Amino acid sequence: MDITKRFDRLLGIYFYLQSKPVLKAQELADKFDVSLRTVYRDIRSLLHAGVPIVGEAGIGYSLMSTYKIPPIRFSEQEALSFGVAEKLMRHYLDKEMGEHFSSALRKMKGMLRFAEKEHVADLESKVLINKQKNFINEKVPAALATLFESMVKKRQVKLTYKALESDLQERHIEVIGVFQEDQFWYFMAYCHLRKAVRQFRLDRIVDIHLTEQRYTQQLEPLHVYLEQRRKNQEKQIVRIRTSREMARYMYWDRQYFGFVSEEMKDDGVEMLFHTANIHHFARWILMFADDVKVLEPSFLKEMMRDVLQRAIANL
């Protein structure tokens, strides 16, 4: 047995236990890629070492709330990760959440050795993130923070929301979860106006407030609703052929349009897509129209021709 590896795993289990109120053995087994039997043995080893773990197999484990050990030094790689973490978070978070994250990160940086602080500062000066998309409405700087607080405190949110092609609407919602998809922040919530679970986009929030009203619904975890949405979406099969040179330019965006696979051919690259919005796909593929052949469906060709004819008419 690799003693060093087991020691690292025991220490990792301790910190993982410290980070959550209750952990099941299976979650620990998945996290550290070991068997349940190994997890049970490691838990016994921590108990014998004096770590006060409460719980049992099949129910879950947790640390006594009053138990702490002195902070462990960060590794060099962990310390360097601070150099880009704050800039990434400021790119993706709204103003208030970004400030909270920066404050927490400053406290962690305070635990670094002097040389590590110098390395982090040097790395920060060499990282530039060019923000090309507004993930949030900058006039609503506390949107994410309010949604997170709502989920933690189980209190309803009142928001003013701008849906597509509609006037502003006032909604009272119970937030289920937040996720990022297709380069935007979204959140799933029970909407009291619609009496159903709905999906919202963060950048369309015009105003938001946390209310004193408690949640009234028994809601499933976020992944349940996302899976239901995935099953309900009808996917259109699309096959195209393009040159290898053009395929390079399509590489970075194709996953947003349902890319499934590609196959190299003598005359180029054949790609398969399962797209949920054929109209969006048509407009995207027109960017490469001079070097792309649509193999199927045939109506996609007609759709592209129609867009091109209207574009020419406007010239």
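A count restricted to the range 159-181 and to residues that are charged (D, E, K, R), surrounded by fewer than 16 Cβ atoms within 10 Å (Cβ to Cβ) and either in contact (Cβ under 8 Å) with a residue 24 or more places away in the chain or within 16 Å of residue 210 (Cβ to Cβ) (or both) stands at 2. Screening the candidates 61, 14 for the property of being open to solvent by less than 60 Å² (accessible area, probe 1.4 Å), in contact with a Gly (Cβ under 6 Å, 6 or more places away or on another chain) and either more than 30 Å from residue 183 (Cβ to Cβ) or at pLDDT below 85 (or both) yields one hit, 61. The single condition among (1) touching a residue at least 24 places away in the same chain (Cβ under 8 Å); (2) open to solvent by less than 70 Å² (accessible area, probe 1.4 Å); (3) in a helix (DSSP H, G or I) that residue 224 does not meet is (1). Quick one: is residue 303 surrounded by 15 or more Cβ atoms within 10 Å (Cβ to Cβ) and modelled with pLDDT under 95? Answer is yes for this residue.
Scanning the range 21-57 for residues that are touching a residue at least 40 places away in the same chain (Cβ under 8 Å) and either closer than 22 Å to residue 74 by Cα or surrounded by 12 or more Cβ atoms within 10 Å (Cβ to Cβ) (or both) turns up just one, 22. Of the residues making up the range 87-99, those that are outside any helix (DSSP H, G or I) and either surrounded by fewer than 17 Cβ atoms within 10 Å (Cβ to Cβ) or among the aliphatic types (A, V, I, L, M) (or both) number 1. Pick from the range 242-264 the residues that are loosely packed, with under 14 Cβ neighbours inside 10 Å and under 15 Å from residue 183 (Cβ atoms): which of them is nearest to the chain's Cα centre (by Cα)? For the range 242-264, the residue satisfying everything is 255.
Might you check whether a residue that is modelled with pLDDT under 70 and farther than 27 Å from residue 201 by Cα occurs anywhere in the range 73-96? Checking the range 73-96: at least one residue is modelled with pLDDT under 70 and farther than 27 Å from residue 201 by Cα.
Among the residues here, residue 229 does not qualify as over 26 Å from the mean Cα position of the chain (by Cα), exposed (fewer than 14 other Cβ atoms within 10 Å of the Cβ) and among the basic types (Lys, Arg). The set of residues in the range 259-315 being over 14 Å from residue 244 (Cα atoms), of a type in the set (Val, Ile, Thr) and touching a strand residue (DSSP E or B) at 6+ places or on another chain (Cβ under 8 Å) consists of 260, 275, 278, 285, 294. Among all positions in the range 285-293, there is no residue which is surrounded by 14 or more Cβ atoms within 10 Å (Cβ to Cβ) and either within 20 Å of the chain's Cα centre (by Cα) or modelled with pLDDT under 90 (or both).
When the residues of the range 100-141 are filtered to those that are over 30 Å from residue 78 (Cβ atoms) and modelled with pLDDT of 75 or more, which remaining residue is surrounded by the fewest Cβ atoms within 10 Å (Cβ to Cβ)? Checking each candidate, the answer is 139.
Taken over the range 201-221, residues that are touching a residue at least 40 places away in the same chain (Cβ under 8 Å) and either open to solvent by 60 Å² or more (accessible area, probe 1.4 Å) or assigned to a strand (DSSP E or B) (or both) amount to 14. The set of residues in the range 265-315 being of a type in the set (D, E, K, R) and within 27 Å of residue 181 (Cβ to Cβ) consists of 270, 283, 296. It is to be established whether one or more residues within the range 174-197 are basic (Lys, Arg) and either assigned to a helix (DSSP H, G or I) or under 30 Å from residue 299 (Cα atoms) (or both). Looking through the range 174-197, none of the residues is basic (Lys, Arg) and either assigned to a helix (DSSP H, G or I) or under 30 Å from residue 299 (Cα atoms) (or both).
The values are calculated or read from the model by the stated rules, or taken from the named source; none is laboratory data. What you see is a predicted model, and the numbers here were worked out from it, not measured in a lab. Glycine also receives a Cβ, built like all others from the backbone with ideal geometry; neighbour counts cover every protein chain displayed. Please note that ligands, DNA and RNA were not included when accessible areas were found on the heavy atoms of the full protein model with its side chains. Shrake-Rupley method; radii C 1.70, N 1.55, O 1.52, S 1.80 Å.
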